[in-house]
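Chemist: Let me give you the structure first, and then I'll get to my questions.
Bear in mind these aren't lab numbers, they're just calculated from the coordinates by the rules spelled out. No experiment lies behind these values; they were computed from the predicted model shown. Note: ideal-geometry Cβ built from the backbone for every residue, glycine included; neighbour counts use all protein chains shown.
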Amino acid sequence: MALRWRRVEVSGGFLLLAAFLLYMDTDGLILWAGLACALHEMGHCLAVLACGGRIAALRLTCVGAELRLAGGAPAGRWARAAVALAGPAVNGGLAFLSARLAPWWGEGAWLFAGLNLSLALFNLLPVGPLDGGRSLAALLDRWEWGERLSAALSAVLSLTLMAAGVWLMCLTANPTLLLTGAWLTVNALAAAKKRDFSGNYPCNQAGGMLNYFSLKKGWSSAAAGPKRGRHGKGGKNTYN
């Protein structure tokens, strides 16, 4: 099931996740989180347009927003890395600005700063499915060993997070880090198997937000893996 309006499509998974978060949210966090995610995606959109790309559609899924590009990805490894890092850069800037304004705006500014910082740091992890992994893969694309290094780093870091999640779950009974590590591991290993580390620039809002909410409220959920595609002239690309 999906809702469509012009170039925007909302998946059933997104609606279910939104309903679940609204039901669990008693402190008004979801509105601030939604704003942080929307501005994150706006950063990706502006970077795509600035690098000469064209956005064909926007799809909202349970793991974030998926930008589908028309005419292929922006040319050049620096352009691809810039598009991948634009979202976390926006969140980092918002976190800094909110923290600076906190003495005047109070607790709400600190909350918004924490949400943006969580989202930025999570997406900067050098793991294939995330912005950090995509930017690293783009920058190493000129060397033959770059793809193998990106794949190995993604797999090692994902497995490390999953192992840390097992340890944390044994201590606190909180499965969030374990589920996040498992999701990243599955996607990183799948990407390594397909040898497809240069075509997408995903960012995962749900993972960062759910980890933040879990630490603050004591509940968690798991996110499913994003769709994948290959870049090339004349083809379509997806930016999550």
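Chemist: Of Leu115, Leu121, Leu97, Leu69, which residue is farther than 29 Å from Val156 by Cβ and out of contact with any Lys or Arg (no Cβ under 9 Å at 6 or more places or on another chain)?
Modeler: Leu97 is the lone residue from the list that is farther than 29 Å from Val156 by Cβ and out of contact with any Lys or Arg (no Cβ under 9 Å at 6 or more places or on another chain).
Chemist: Which residues, taken from segment 13-28, are closer than 17 Å to Leu115 by Cα and within 20 Å of the chain's Cα centre (by Cα)?
Modeler: Ala18, Leu21
Chemist: Filter segment 74-127 for residues that are among the β-branched types (Val, Ile, Thr) and closer than 18 Å to Asp141 by Cβ and give the result.
Modeler: Once the filter is applied, which keeps residues that are among the β-branched types (Val, Ile, Thr) and closer than 18 Å to Asp141 by Cβ, segment 74-127 yields Val83, Val127.
Chemist: Looking at segment 118-130, which of its residues are of a type in the set (Gly, Ala, Ser), part of a helix (DSSP H, G or I) and touching a Phe, Trp or Tyr at 6+ places or on another chain (Cβ under 9 Å)?
Modeler: Within segment 118-130, the subset of a type in the set (Gly, Ala, Ser) is 118, 120, 128.
Cutting the leftovers down to part of a helix (DSSP H, G or I) gives us 118, 120.
Of everything in segment 118-130, just one residue is of a type in the set (Gly, Ala, Ser), part of a helix (DSSP H, G or I) and touching a Phe, Trp or Tyr at 6+ places or on another chain (Cβ under 9 Å), namely Ser118.
Chemist: Sort through Leu168, Leu178, Leu130, Leu184 and tell me the only one that's free of Cβ contacts under 8 Å to residues at least 60 places away in the same chain, closer than 21 Å to Cys37 by Cβ and of a type in the set (A, V, I, L, M).
Modeler: Going through Leu168, Leu178, Leu130, Leu184 in turn, the sole match is Leu184.
Chemist: Could you please find all residues in segment 93-135 being among the acidic types (Asp, Glu) and under 17 Å from the mean Cα position of the chain (by Cα)?
Modeler: Asp131
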